[in-house]
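A short worksheet on the structure shown next.
The values are calculated or read from the model by the stated rules, or taken from the named source; none is laboratory data. Being a predicted model, the structure only gives us computed values, none of them experimental. Because the Cβ atoms are built from the backbone with ideal geometry, glycine has one as well, and the counts that use them run over all protein chains shown. These accessible areas exclude ligands, DNA and RNA; they are computed on the full protein's heavy atoms, side chains included. Shrake-Rupley method; radii C 1.70, N 1.55, O 1.52, S 1.80 Å.
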Amino acid sequence: MFTGIVQGQGTLLNIIKKADFQTHVLAMPDELLPGLELGASVAHNGCCLTVTAIEEDKVSFDLMQETLRVTNLGGLNAGDKVNLERAARFGDDIGGHAMSGHIIAMSELLERTETETNTTLRFAVPGGLGKYLFTKGYIGIDGISLTLGDVTGSHFLVHLIPETLARTNLGRVQPGYRANIEIDPQTQAIVDTVERVLSSRE
């Protein structure tokens, strides 16, 4: 489980490509290395990956075909940075909201609006996912737990504080960028259950 509080950004050093498979070698921030072991889970832009090799600060992760297909990790290049969060431990503060690290879709950034004190991003989710979004609900964007602003159909706004802009990749992304999306699992479960119950009564 993850909390959606990004702990740092790592730099992608190397991509080892095979058929429908990649290994990413990442330079991990020093503060995320203590206690890191083979088999540990680390979220990359919100996608849960498993540590497969550790050499000082160089940490490797394997990505299979499905991960490359449904997330933005397949479009990364050496030198790119990713948002990182290590798996939550029992007793940790849940500063964001409970997240599984399972990406449901990618969402395109349509508009970025900046003023002296505020930054607002407008995204659109693929058809069928809009039913899980509501104003003041939760959403995970590239592993960042965010509160939804206005929601209109499949379009939604998020408003970012300076700390989020400084700590994550959302400080630099521009329209056209495709972000990893994780819908709040509790909201998804409630909506799907209600739909199933109503359908059974018809």
Check your understanding: Can you tell me the accessible area per residue over the chain, all protein chains present, probe 1.4 angstrom, in square angstrom?
Key -> 52 Å²
Check your understanding: Which label marks the calculated value of Rg/Rh (Cα atoms, Kirkwood Rh), given the options (i) 0.98; (ii) 1.10; (iii) 0.95?
Key -> (i)
Check your understanding: Hey, what number do you get for the chain at 222 nm if only DSSP H runs of n ≥ 4 count, each worth -39500 (n - 2.57), divided across all residues, to the nearest 500?
Key -> -4000 deg cm²/dmol
Practice item. With θ set to phi - 60°, apply the Karplus curve 6.51 cos²θ - 1.76 cosθ + 1.60 along region 8-16 and write out the HN-Hα couplings as whole Hz, x wherever there is a Gly or Pro. Key: x, 10, x, 9, 6, 8, 7, 10, 9
Review point. Roughly how many percent of the accessible protein surface of the chain is carbon and sulfur, given a 1.4 Å probe and a whole-percent answer?
Key: 51 percent
Check your understanding: Quick one: how many lysine pairs in the chain have C-alpha atoms under 27 angstrom apart, if they're 8 or more apart or on different chains?
Key -> 5
Review point. Taking 0.36 nm per intervening residue step and subtracting the Cα-Cα distance, what contour gain separates Thr147 from Thr115 on full extension?
Key: 9.6 nm
Revision key, fill the gap. Per GNM of the chain with C-alpha springs under 10 angstrom, the most fluctuating residue out of Glu111, Glu56, Glu37 is Glu56
Check your understanding: Working from the pairwise distances between different alpha carbons, so that the mean of 1/r is found and then inverted, what is region 105-202's Kirkwood radius in Å?
Key -> 14.2 Å
**Study point:** Note, ³J(HN,Hα) from phi for region 151-158, Karplus 6.51, -1.76, 1.60, rounded to Hz, x at Gly and Pro
**Key:** 10, 10, x, 8, 9, 8, 10, 10
Study note, to complete from the structure: Log10 I(q)/I(0) at q = 0.22 Å⁻¹ for region 1-112, from Debye over equal alpha-carbon scatterers, is -1.34
Revision key, fill the gap. Relative to the chain, whose Cα atoms define the longest principal axis, helix 185-201 and its Cα axis are tilted in degrees, nearest 10, by 40 degrees
Review point. What is the calculated FRET efficiency for Ala27 to His155, with r their C-beta to C-beta distance and R₀ = 35 Å, to the nearest 0.05?
Key: 0.45
